[in-house]
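Only one structure is covered here, and it is reproduced in the block below.
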Amino acid sequence: MHILLTNDDGINAPGIQTLWQELSKIANITVVAPDSERSASSQAITVHHPIRVDRHCVEEPPICAWQVGGTPTDCVKIALDALLTEPPDVVVSGINQGSNLGTDVLYSGTVSAAIEGALHGIPAVAVSLDSWHPFDFGPAAKITSKIVLSLIEKKLPPNTLLNVNIPALPESQLGQISITKLGSRNYENTFERREDPRGRIYYWMGGRIVDSDNDPDTDIIAIKQGKISVTPIHFDLTNYRIMNLLATWEM
């Protein structure tokens, strides 16, 4: 089995390093990841300047990868169309530091990299750990390995990927895997007005999560209950329920 591994936290992030080592036990791994953090880059691609690609080698394990001066989506695109001689069996994106729950997936570089794999007809998984603080990625990496093996054996429908979120808990305290739907997650954004040394005004965006009421079978509730959330995602955004209604409009 051949796995293409990427992320949005950058090639030196502990999440991808831990997952790299764990997945190496079950497959041949090609790592093509951003050279620095590209969080919240969504499905952005680089079209207005060159994409730099350099070899990146580590001693433990002794292996080389590719670091890309671009977005997570760039990484998957350039891997599939320029760097690899044949498609991988699976695209894995992560492990992200911080969850990607509910409507977060619309902004997530982690999820978007997996979407790009699915767009190319390759089974794909995005994996995130529900912690913004340093934490052991080992248990999450083991769970990811098991999910990848199941994915290869059972297959997914076309244009579908799995979005996996794992609680930041010791392995012995992790709950069962819960098959979920996307919940609703909103943010109370703040924009702090600042001035640079030359007197030019700029804004720094911050905010806090404001979770809406969510059904019990959503990913947000599963994580709150200490369960591992696995959400199948596809990218047909058509609202079929109102197509007939729109057909009655005079436009």
Q. Between Val90 and residues 5 or more places away or on another chain, which pairs have amide H atoms under 5 Å apart, with H built 1.01 Å from N, and which residues are they?
A. His2, Leu4
Q: Can you spot the aspartates and glutamates whose alpha carbon is less than 18 Å from Lys142's alpha carbon? Ignore those fewer than 8 places along the same chain.
A: Glu22, Asp130, Glu153, Glu171
**Q.** Cys with no candidate disulfide partner in the chain (beta-carbon separation under 4.7 Å rule)
**A.** Cys75
Q: Considering only DSSP beta bridges where both residues belong to the range 142-251, give the percentage that are antiparallel (nearest 5).
A: 80 percent
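Among Cys75, Cys64, what is the fewest-to-most ranking by other Cβ atoms within 10 Å?
Working: Cys75 33, Cys64 10.
Neighbour counts put them in this order, fewest first: Cys64, Cys75.
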**Q.** Virtual paramagnetic centre 7 Å along Cα→Cβ of Tyr107, amide N under 17 Å, in the range 218-251
**A.** 220
Q) If you count the DSSP beta bridges with both ends in the range 30-178, what percent of them are antiparallel, to the nearest 5? A) 30 percent
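Could you compute the longest span of the chain free of chymotrypsin sites (Phe, Trp or Tyr not before Pro) located in DSSP loops and having at most 10 other Cβ atoms within 10 Å, not counting the site residues?
In the chain, the maximal stretch lacking such sites is 1-131.
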(Q) Can you compute 3J(HN,Hα) from phi for each residue in the range 3-16, using the Karplus curve 6.51 cos²θ - 1.76 cosθ + 1.60 with θ = phi - 60°, rounded to whole Hz and x for Gly and Pro? (A) 10, 8, 10, 8, 6, 10, 8, x, 5, 8, 5, x, x, 6
Q.
Can you compute 3J(HN,Hα) from phi for each residue in the range 114-119, using the Karplus curve 6.51 cos²θ - 1.76 cosθ + 1.60 with θ = phi - 60°, rounded to whole Hz and x for Gly and Pro?
A. 5, 4, 4, x, 5, 4
Q | Across Lys77/Lys181; Lys25/Lys224; Lys25/Lys155, pairs whose alpha-carbon gap is larger than 25 Å | A | Lys77/Lys181; Lys25/Lys224
Q) Which of the lysines could a cross-linker span from Lys154 if the Cα-Cα distance has to be under 17 Å and same-chain partners fewer than 8 positions apart are dropped? A) Lys146
Q | Given charges at beta-carbon only (K, R positive; D, E negative), |dipole| of the chain in Debye | A | 100 debye
(Q) Would any residue of the range 123-162 have its amide N under 20 Å from a label point 7 Å out along Cα→Cβ of Gln173? List them or say none. (A) 128-144
Q) Once the Cβ-Cβ distance between Arg208 and Thr85 is put in as r, and R0 is 45 Å, what FRET efficiency do you end up with, to the nearest 0.05? A) 0.45
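By DSSP, what percent of the beta bridges with both residues in the chain are antiparallel, rounded to the nearest 5? Don't skip to the end; give the middle numbers.
Values: 23 of 50 bridges.
Approximately 45 percent, going by the DSSP bridge assignments.
Each reported figure results from applying straightforward, stated rules to the coordinates on display, with no laboratory input. None of these values were measured; they are calculated from a predicted model. Note that we place each Cβ from the backbone using ideal geometry, even for glycine, and neighbour counts take in every protein chain shown.
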